[in-house]
Amino acid sequence: MKLTSIQEKQLADKGISKETLEKQLYRFKNGFPGVLLNRPAKINDGIVPIKKLDADRLISSYESSRDQLDIIKFVPASGAATRMFKFLYEFLNTFNQNKQSINSYINNNKANDLFTFLIGRRDLPFYVEIMESIRRKNSDWSAKSKTEKETLFVTEVLSPSGFNYAAMPKGLVPFHKYKDRSASAFEEHLFEASIYASSNGKARLHFTIAPAFKDHFTAEFDRVRKAIEKKTQTTFDIDFSYQSSATDTLAVDLENNPIIFEDGTLFFRPAGHGALITNLNLLDADLIFIKNIDNVTISSLNQETCYYKKLLAGYLLELRSKTFAYLVILEKNNMEDSLKEEIETFLTGQLAAVLPKDYYKYKTEYQLEHLHHQLDRPLRVCGMVKNEGESGGGPFWVHNQRGELSIEIVETAQMDKHDARQKKIAKEATHFNPVDLICNVRNHKGKKYDLTKYCDEDTGFITYKSRQGKAIKAQELPGLWNGGMAYWNTVFVEVPLLTFNPVKTVNDLLKSAHQLD
C-alpha cells in the first residue's frame, strides 16, 4: 500500500511499522488459517477434576509461602459499560409513551430484559441514588403516571444529565449495595485481592484502563482506600496502564480497501484483549492472577470463591517447583533413563503436553533438548467451569500451526463454522473459560520470559462491524488468554460455577451472587 505523508506520520505517531500494516492487509485479503480442533478438553482428558487435588495441602502450601512471593493481580478493565445497558438504550430510542404503555411495548417487542429490569429495579445497587436525583428534579413526581415514572428512571440511569452509567467504564458502575454504601466492581477487586493476592500485608493490583478515565479510577481509589485498608488490614499498591496504540489494527471495507477519514488518515481500531499481552509483558512477579473486571461477588461470598484461587495458586506452585527442579537436572547433562522417563511422564501427565510423533526415534541428546524446550516456558493454571450456555471461549485439544497437538482456550470466532466436523467438536464441549488464570512468568533462574514470543500470531481473527450504516471489516489480535498464550505450558482445572459471576447486562446484578441476603 502506498502511503501519503499524512499516513506515514500517523503510523510513526502510533508506533506501527509499515511491515505490520502490510501484514494486516494481507490477513484481510487471505484470512487467518483458523484453529483446527481435535477434540474438546474434558474431565480427565485435559481438565483436572478438582477432587483429584489435595486441596488442604495445596492451600496450606500457598498460604505459608505467600510472604516470600511477589504477587500481582492483573485486571483488564478498559471496557465501557455500554453493553450492560444496551436493551435500555433500545427502549428509549424506540418507545413513544404518547402512543403506548410500557407493558404493551414489552409485549409487542418481547422485551423480557426490560420487564426484568423494571420489576427488579428496587434491588439494583444504584436504585436509591437514582430515585433521590429524580425526585429532586421532578417536584410533581407523585402525580406522574406509572409509564412516566418508569421512563424517567431509565432516562436518569443513562442520560448525560443523569448518571450516564453506560458511558462509564464497567469497573466504576455500582455493582453491590451494602447497608452503608454501594460498591463498584473496582472496589470489590481490592477486597478480593486482600484475601488471596496479598503478600506481607500488601496487595498489588494492575488495571488496564482507557486513558480518558484515569482520573476517575484514581478518584474512586482515593474514595474507598482508607475504609478498605482498615477493614482488610491490607495496604494497596494500584497501578494502571493503557492499551498501546501500537497494537491498533486497520479497518477496511468489504473489498479490503483501507478506510480513510476526510483528513487523510487511516481508520484504526483497538485490537481486542489480545493487545493486552503487551501490558502483561511489562509486569514481573512470581505469580500473576488474571481476572475480568466484571467477575466479582458480594463480600460475604468472597471467602468461598477465594478458596479456589488459593487452591489453583498452590497447584501452580507445585507444578512450578517440579518444572524448575527438572530444568536444573536437565542442564547438568547427567541423566539416567528412569529420570528421563519421570520427566516425560510429568510433561504428558501433569502439564498436558504431547510429545512429538517421532520423539522416541530421536537420539537421546535431542530428546533431552526437547524436554528442556518444553519445560522452559511460561506456565499457567486456568480454572474451568461447566458450560451452561455462556458464549465465549472454551478448552480444546488443538492442532496448532506448528503441527503440534496442545490444549488451548479457543474463542467461537476462531472456529471454522462451515466445517461440520469442527462444529460437532465445538458442540461437544463441556466446559467454559471464565478467565480465571494464575500465571508464572519467570524461569528457573528468576529471569522473566518475553511473553510476546509465546504467542501464535495465526490465531487472530476478522470481525464484521458497522460504521455510518456501512459494513466494515476489523481485525483482532490473538486473544490474551487464547492465541496470546498458545505456547505456554497450560493446565486446566475444573472449578465450581460459584467462582464465575460475570455481569454482562445490568440484570445480572439482580442474581443472588450480587445481592445481600
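The values are calculated or read from the model by the stated rules, or taken from the named source; none is laboratory data. For clarity, every value in this text was computed on a predicted model and none was experimentally measured. Note that we place each Cβ from the backbone using ideal geometry, even for glycine, and neighbour counts take in every protein chain shown.
Starting from residues that are assigned to a loop (DSSP other than H, G, I, E, B) and closer than 19 Å to Leu437 by Cβ, keep the ones in the range 376-390 and report whichever is farthest from the chain's Cα centre (by Cα).
Within the range 376-390, the match that is farthest from the chain's Cα centre (by Cα) is Arg377.
Looking at the range 45-56, is at least one residue in contact with a His (Cβ under 7 Å, 6 or more places away or on another chain) and assigned by TED's automatic domain parsing to the domain that holds Pro496?
Yes, because at least one residue in the range 45-56 is in contact with a His (Cβ under 7 Å, 6 or more places away or on another chain) and assigned by TED's automatic domain parsing to the domain that holds Pro496.
State the number of residues belonging to the range 418-455 that are at pLDDT 95 or above, of a type in the set (Asp, Glu) and under 29 Å from Pro496 (Cβ atoms).
Residues flagged as at pLDDT 95 or above, of a type in the set (Asp, Glu) and under 29 Å from Pro496 (Cβ atoms) within the range 418-455 amount to 0.
Taking strands (runs of 3 or more DSSP E) that do not extend beyond the range 1-81, which have at least 3 residues that are closer than 30 Å to Ile293 by Cα and touching a Leu at 6+ places or on another chain (Cβ under 7 Å)?
Fully inside the range 1-81 and qualifying: 71-76.
So that you can scan it fast, the table gives a plain yes or no per residue for (1) modelled with pLDDT of 95 or more; (2) surrounded by fewer than 21 Cβ atoms within 10 Å (Cβ to Cβ); (3) within 23 Å of Ala313 (Cβ to Cβ):
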{"position": "Gly201", "(1), (2), (3)": "yes, yes, yes"}
{"position": "Ala210", "(1), (2), (3)": "no, yes, no"}
{"position": "Phe221", "(1), (2), (3)": "yes, yes, no"}
{"position": "Phe240", "(1), (2), (3)": "yes, yes, no"}
{"position": "Thr265", "(1), (2), (3)": "yes, yes, no"}
{"position": "His273", "(1), (2), (3)": "no, no, yes"}
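How many residues does the range 60-115 hold that are modelled with pLDDT under 95, crowded, with 21+ Cβ neighbours inside 10 Å and among the charged types (D, E, K, R)?
0
Does Thr459 qualify as being out of contact with any strand residue (DSSP E or B) (no Cβ under 7 Å at 6 or more places or on another chain), in the same structural domain as Val354 (by TED's automatic domain parsing), β-branched (Val, Ile, Thr) and surrounded by fewer than 19 Cβ atoms within 10 Å (Cβ to Cβ)?
No: the conditions fail for Thr459.
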